[in-house]
Amino acid sequence: MSSEAVPARDRTEWYQDVIAQEVAPTRLMLADTDSFRAEAAVLELGRVRVSRFSYTSLLSWRTPELIRRSDPERYSLAFMTQSTMWISQRRSHAELFAGDAVLFDSSHPFDAGTGSMAGGPDGALVRVVIVSLPRDAVSLPPDRVDRLLARRLDGRTGMGAILGQFVTALETHAGDCLPHELEQLADTTLALSSAFLASRLDSYGDLPAETRARALLERINSFIDHNLGDPALTPRAVAERHHISLRSLYLLFQGQGGGESVAASIRRRRLERCRADLVRPELLAAPIHSVAARWGFNSAAVFGRAFREVYGASPREYRRQAVLTGATATGPVAGAEAGAGTQLRALHGTSKGVAS
């Protein structure tokens with residue numbers, strides 16, 4: 001959805017309708033209807049919705065009258081990705097910058113502002129990703145969650161960073177997923193959101209065991225992705241880093257489906273990174289052994305065998321074919337096994353990848 005095709009005189013009403021449908025009914029005032037720009041994209045995951053908005057200067061209000069008229073009874077967890085904004089709700093006020101997150105509730109009045117109307121640069125484009133959750137699906141007492149409304153939350157570290165990276169991956173890859181996978185993504189989004197809020201309330205232990213397990217699995221997957229280049233990254237190292245037994249780690253991975261072991265998951269992700277680097281134009285002159293070492297393979301021979309097993313060609317042959325077919329600029333080599341899956345599926349264990 002974009003404002004480009006909307007006449008200037010209709011843009012306030014148009015964007016009010018967009019926000020009403022995807023977040024909650026609000027009233028808007030645009031700084032300048034003639035120059036106002038906005039885009040929106042929405043991913044429906046059943047009871048969970050992930051929306052991406054970009055827009056220029058405006059003010060918005062959700063009033064008691066609008067709440068009485070229509071209340072979806074949802075929390076919105078917003079991640080700022082560009083520019084600044086402010087929001088006030090329940091006697092709290094937050095000034096937000098890129099990397100921050102904020103929670104607000106459709107069942108309470110709020111007001112918010114962006115761009116020059118919020119004291120920021122005139123005409124600055126605000127970008128925000130909003131995770132919309134049913135209030136009764138968040139596994140925490142509402143009176144405790146209310147303490148977080150309109151407070152600046154850190155979206156750069158810990159569970160905030162993991163959730164932010166997750167919803168960004170959703171935008172990119174959810175279109176590749178099957179219906180049953182989308183249901184799993186909804187459950188995982190709820191679990192990560194609840195865990196993020198619980199971490200800010202020091203209430204992690206109050207979450208249901210299943211929610212804690214899902215959140216732990218995502219933390220582990222994120223840890224693995226960020227440490228693939230370490231040759232010492234083994235299942236035991238992963239378990240020790242997260243203060244769980246090897247048996248508990250194996251059970252977590254069994255529970256996510258796909259039949260992929262911890263060791264196989266690490267190897268698959270390393271091979272995916274190597275495959276991508278082998279066909280990157282700026283790395284075509286890099287020795288193959290250095291690409292392998294960058295992603296944790298100590299032995300060139302072991303790497304070569306594993307690569308051929310998955311992609312049906314040696315690393316050298318794969319790179320040569322990429323150059324010949326021009327796939328260095330467009331993606332995987334034609335006729336080669338894509339096998340890598342997407343980052344999103346790697347996070348959720350739905351990629352078939354490498355057998356253990």
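The table for this structure:
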quantity	calculated
Any hit, segment 84-101, residues being among the acidic types (Asp, Glu) and within 23 Å of Asp225 (Cα to Cα)	yes
Those residues of segment 25-75 which are closer than 19 Å to Ala8 by Cα and out of contact with any Leu (no Cβ under 9 Å at 6 or more places or on another chain), in sequence order	Asp32, Thr33, Asp34, Ser35, Glu39, Ala40, Phe53
Output for segment 255-266, where each listed residue is more than 12 Å from Arg214 (Cα to Cα), under 23 Å from the mean Cα position of the chain (by Cα) and part of a helix (DSSP H, G or I)	Val262, Ser265, Ile266
Members of segment 170-182 found to be assigned to a helix (DSSP H, G or I) and either among the aliphatic types (A, V, I, L, M) or within 20 Å of Arg52 (Cα to Cα) (or both), listed by number	Leu170, Glu171, Thr172, His173, Ala174, Gly175, Asp176, Leu182
Hey, Met1 in contact (Cβ under 8 Å) with a residue 60 or more places away in the chain and of a type in the set (A, V, I, L, M) or not	no
Any hit, segment 161-184, residues being surrounded by 20 or more Cβ atoms within 10 Å (Cβ to Cβ), polar (S, T, N, Q) and farther than 30 Å from Phe297 by Cα	no
Filter result for the condition that a residue is closer than 27 Å to Ile67 by Cα and part of a helix (DSSP H, G or I), over Ser139, Ser194, Ser132	Ser194
Output for segment 229-243, where each listed residue is without any contact (Cβ under 8 Å) to a residue 12 or more places away in the chain and surrounded by fewer than 19 Cβ atoms within 10 Å (Cβ to Cβ)	Ala232, Arg236, Ala237, Glu240, His243
From the options Arg68, Arg47, Arg74, Arg91, residue that is in contact with a helix residue (DSSP H, G or I) (Cβ under 7 Å, 6 or more places away or on another chain) and surrounded by fewer than 18 Cβ atoms within 10 Å (Cβ to Cβ)	Arg47
Residue check, Thr12 touching a residue at least 40 places away in the same chain (Cβ under 8 Å) and hydroxyl-bearing (Ser, Thr, Tyr)	no
Residue list for segment 275-289, restricted to those being under 17 Å from Ala322 (Cβ atoms) and part of a helix (DSSP H, G or I)	Arg275, Ala276, Asp277, Leu278, Pro281, Glu282, Leu283, Ile288
Unique residue being of a type in the set (Phe, Trp, Tyr) and at pLDDT below 95 when the list is Tyr55, Tyr75	Tyr55
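The values are calculated or read from the model by the stated rules, or taken from the named source; none is laboratory data. A quick note: this is a predicted structure, and the numbers were derived from the prediction, not measured. No Cβ is skipped: glycine too gets one built from the backbone with ideal geometry, and neighbour counts run over all protein chains shown.
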